[in-house]
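The values are calculated or read from the model by the stated rules, or taken from the named source; none is laboratory data. Because the structure is a prediction, the values reported are computed rather than measured. A quick note on method: Cβ atoms are made from the backbone with ideal geometry, for glycine too, and the neighbour counts reach across all protein chains shown. Surface accessibility is based on the protein's heavy atoms, side chains included, excluding ligands, DNA and RNA. Shrake-Rupley method; radii C 1.70, N 1.55, O 1.52, S 1.80 Å.
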There are 2 protein chains.
Amino acid sequence: MQRRQTRQRQIIRDELIAHPTHPTADELYMRVKAKLPRVSLGTVYRNLELLVEEGAARRIVVEDGPKRYDGNTEPHHHVQCVRCGATADVMGDATHSRTGSLPIREGWDIQAVSVLYKGLCPTCRAETG
Amino acid sequence: MQRRQTRQRQIIRDELIAHPTHPTADELYMRVKAKLPRVSLGTVYRNLELLVEEGAARRIVVEDGPKRYDGNTEPHHHVQCVRCGATADVMGDATHSRTGSLPIREGWDIQAVSVLYKGLCPTCRAETG
DNA sequence: TCCTTAACGATAACGGTTACTATTAAATGG
DNA sequence: CCATTTAATAGTAACCGTTATCGTTAAGGA
């Protein structure tokens, strides 16, 4: 017996995939709680890390603030609003997937790249003019 | 009278520039304390943010862990070790400075990009094989 | 030199995350 | 189908990086 399939873990994974908004652990906790009122915040944290570990989710690299998770494991990059912190996916082929080929830095063994575009989201853009 | 030039602020800026290792506030605090034993950790935090605000330093985007600061304000990117968290600059012209031109995402006003390469630093590479 | 107040040192508070522990409930095997 | 084992949970305390508070110090102009 190694890893058990619990109702909590299933719902956490499902909600993460159903809402590709790169939620924080706490945001996801609130969603999960709507379906499983007695769930614990610690359970959400624990399972998010388990999902990342087994490759079913990713931790995305963002500026500041709490950790954000992504149920979309396809390689892609992100935009983050410098005002409200909201994130979105970057579409198209603008992704720089030439890792490993370029000698990014002498002596380093490069495994991945993450690109974060920073700016104003449509909402904040409208509010600040 | 608006902004005073304190001994603490000078030393903090000098140490940040003298050691381009992208230190955390705490790492820098220890360096500064060697030259100014009575300095407070809060002073280091406060001045780092002031330096970022006035454009004399940058907060770099890294995976996880405490915030890291960079006294080099020239646009450049970073590599971070997934094992020990150490960071280094990415040299050469591999920088993607074509922001603003590309419509990264509909409706967003993009202001900057940060690229983080992830992998093993030479030391960790040697230790893990 | 005096005065104003930005900035400091010390420390408490805060928020996100992790660790701990008694309890619950998946999975296995009789 | 029930008993047994133990992974995982709920609840909560602890942790740690960071920020806020506040009385005191000292930068810099008058």
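The figure for residue A:19 is an accessible area of roughly 60 square angstrom, using a 1.4 Å probe on the protein chains alone. The same position residue A:19 in the other copies lies at 4.2 nm from this copy, comparing label points 7 Å beyond Cα toward the beta-carbon, shortest first. Note on chain B: GNM, Cα springs under 10 Å; of B:54, B:27, B:63, the largest mean-square fluctuation is that of B:54.
Distances, shortest first, from the label point of residue A:53 to those at the same position in the other copies read 4.2 nm; the point lies 7 Å along Cα to C-beta. The lysine pair tally for the protein assembly as shown, using Cα distances under 28 Å and a gap of 8 or more places or different chains, is 10.
For the stretch B:7-69, what does the alpha-carbon gyration tensor say about shape, rounded, prolate or oblate, given a ≥ b ≥ c as the root eigenvalues, a/c under 1.5 as rounded, and a/b over b/c as prolate?
Prolate.
Interface A-B: total buried accessible area of about 3400 Å², 1.4 Å probe, protein heavy atoms only.
How would you classify chain A from its alpha-carbon gyration tensor, with a ≥ b ≥ c the square roots of the eigenvalues: rounded for a/c under 1.5, else prolate if a/b is greater than b/c, otherwise oblate? Oblate, since a/c reaches 1.5 and b/c is not below a/b.
Chain A residue nearest the rotation axis toward B, with distance: A:115, 3 (Cβ to axis, whole Å).
Set Lys and Arg Cβ to +1 and Asp and Glu Cβ to -1, take the dipole of the protein assembly as shown about its Cα centre, and tell me which of B:124, A:56, B:6 lies farthest positive. The Cα lying farthest towards the positive end belongs to B:6.
Springs between alpha-carbon pairs under 10 angstrom, Gaussian network model over chain A: which of A:58, A:38, A:46 fluctuates most? Fluctuation is largest for A:38. The alpha-carbon atoms of the protein assembly as shown define a convex hull whose volume equals 195 cubic angstrom per residue. GNM remark for chain B: springs join alpha carbons under 10 Å apart, and the peak mean-square fluctuation among B:53, B:106, B:74 falls on B:106. Heavy atoms of the protein chains alone define the surface here; on that basis the protein assembly as shown has 57 Å² accessible area per residue at 1.4 Å probe size. When all protein chains stay in place and ligands, DNA and RNA are ignored, the 1.4 Å accessible-area order of B:76, A:22, largest first, is B:76, A:22.
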